[in-house]
Amino acid sequence: MKNSQSKLQLNDLQDADKRSLQSPLSKAIVLTLWASWSIQGVAAPNPNQQAIGAALSRCTNTDVAVCQASAVDLQSLTPDQVFGLGSMSTRINGGQATMPYDYFGANRKGKGKAGGGAGDIDLSAWNFWGKVDSGFGSQTATARNVSGFKFDNHNFMVGADYRINEQWMAGANFDYRHSNATFNAGRGDTLSDSYIGGLYSSYFITDALHVDATATYGGLDYETRRNIEFFGNSSVAKATPTAEQYSFSWGGGYDFNYQALTVAPYLRGEYIGLGIDRYSEHGSAAAVQFNKQNVESLISTLGVQSSYAFSFPWGVLIPQLRGEWHHQYLDGSRSVTGSFVAAGSSSRFTMVSDGPSRDYYTFGAEVSSVLPGGISAFLAYETLQGYQNINSNRLMLGGRVEF
């Protein structure tokens, strides 16, 4: 009986949507139907689910299973996990420096000292370094009920730089990152692997004032799985999207030194461009094909880092504290257009995500050591704060060797 009622209600929505949902009257009819479903125990759909319902109402092919889906199936059929593809790059990781200059002594002049005692070193022309970090956290469901998810990512970066003179250093790096997002309520998961190459440079205008710049480019390979249920049947829609990403950052800072204490304010800007290619899912009658997505982000970062050098017979130990304020200028509500593969263009729809937090913060604590023989290492922790619906934490470990 309940399925028969749902089909009748869907037919009512189809009749309303044949008027293209353009007139105030037709919109009112649809909203009334949503309200009636809620009264009967079916949760009122959010805007993206309404977009899917409207798309299905235009689909009149009785031979296509998804065209006969009922109101209770809308949540499962709505592919809002697609917004997670861009969130990892521009929101969860946006504005956080991937090139930790200070960890590797890159910003110290060629004859600068790292502290007193046995750890005193003269930096060599060539430096090789590497770091690993692991992040973890979650994004809760948003006002549009875009799917929440838990994530973890693991990043491996190696690089080398050359000190051209006492003021100028330049280098290159390669970054591999593996990420996994598991969506709430068993709705599926998204895996991604990114391969990013970069160039960077730092120039000291004076002993204390320096400017930095980076440029990166690379590709991303995704693997998505959406668990779908409608008409009591379960299926998995799979896809392997690809994307390209490029970024630029620029900035500078000033080191205030008071014997072994250093306080270093800095300012940084970062632009990220992410292009996700058009792709189609397979493996389910409710598989969706998505148009290309272009995501842009422009973030300013104002921060301060403080450190104190403790000298020991075996080297120098340097604890550090850091705080950053980030402001997002460019990223906004994202729209993605798609259609159900089986139903064709008649089922075309557009979904919209929530906008980002414009202001948020990161705080970090690190400890680094400088040893004789041109070897140094660091251990760090960083947390993201003040970003609506997102929490993120990161642990980092790295080292540098001079030649």
(message) Using a 1.4 angstrom probe on the protein heavy atoms only, could you order Trp325, Trp129 from most to least accessible area?
(response) Trp325, Trp129
(request) Heavy atoms only, probe 1.4 angstrom, no DNA, RNA or ligands counted: give me Leu209, Leu77 ranked by accessible area, highest first. (result) Leu209, Leu77
(request) In debye, nearest 20, what is the charge dipole magnitude of the range 301-403 about its Cα centre with +1 on Lys and Arg Cβ and -1 on Asp and Glu Cβ, if you could check? (result) 220
(message) Given the whole protein assembly as supplied and a 1.4 Å probe, what does the accessible area of Leu330 come to in Å², nearest 10?
(response) 80
(request) Kindly state, as a whole number, the per residue volume in cubic angstrom of the convex hull around the alpha carbon atoms of the range 124-219. (result) 138
(message) Probe radius 1.4 Å, ligands and nucleic acids ignored: give me the carbon and sulfur share of the accessible area of the range 248-396 as a rounded percent.
(response) 61
(request) Would you mind pulling out the separation of the Cα centroids of the range 350-368 and the range 231-258, in Å? (result) 12
(request) Using a 1.4 Å probe and counting only protein heavy atoms, arrange Asp73, Asp359 so the residue with the most accessible area comes first. (result) Asp359, Asp73
(message) Let me make sure I get this right: for the range 322-384, a, b and c are the square roots of the gyration tensor eigenvalues over alpha carbons, sorted descending. Under 1.5 in a/c it's rounded, otherwise prolate if a/b > b/c, else oblate. Which is it?
(response) prolate
(message) Counting only Cα atoms, I'd like the Rg/Rh figure for the range 198-262, Kirkwood definition for Rh.
(response) 1.43
(message) About the Cα centre, and with charges only on the beta carbon of Lys, Arg (+1) and Asp, Glu (-1), how big is the dipole of the range 249-361? Nearest 20 debye, please.
(response) 180
(message) Starting from the 7 Å offset along Cα-to-Cβ, what nm value, one decimal, do you get for the label separation of Phe156 and Gln388?
(response) 3.9
(request) With 5 Å bins from zero, work out the P(r) of the range 258-380 over every alpha carbon pair and list the percent per bin. (result) 2, 9, 12, 12, 10, 9, 9, 8, 8, 7, 6, 4, 3, 1, 0, 0
(message) Suppose all protein chains stay in the model; what accessible area per residue would a 1.4 Å probe give for the range 281-401, in Å²?
(response) 43
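The values are calculated or read from the model by the stated rules, or taken from the named source; none is laboratory data. On a predicted model such as this, the values are computed, not experimentally measured, just so you know. In this analysis, Cβ positions are derived from the backbone assuming ideal geometry, glycine residues included, and neighbour counts consider all displayed protein chains. For accessibility, only protein heavy atoms count, side chains too; no ligands or nucleic acids. Shrake-Rupley method; radii C 1.70, N 1.55, O 1.52, S 1.80 Å.
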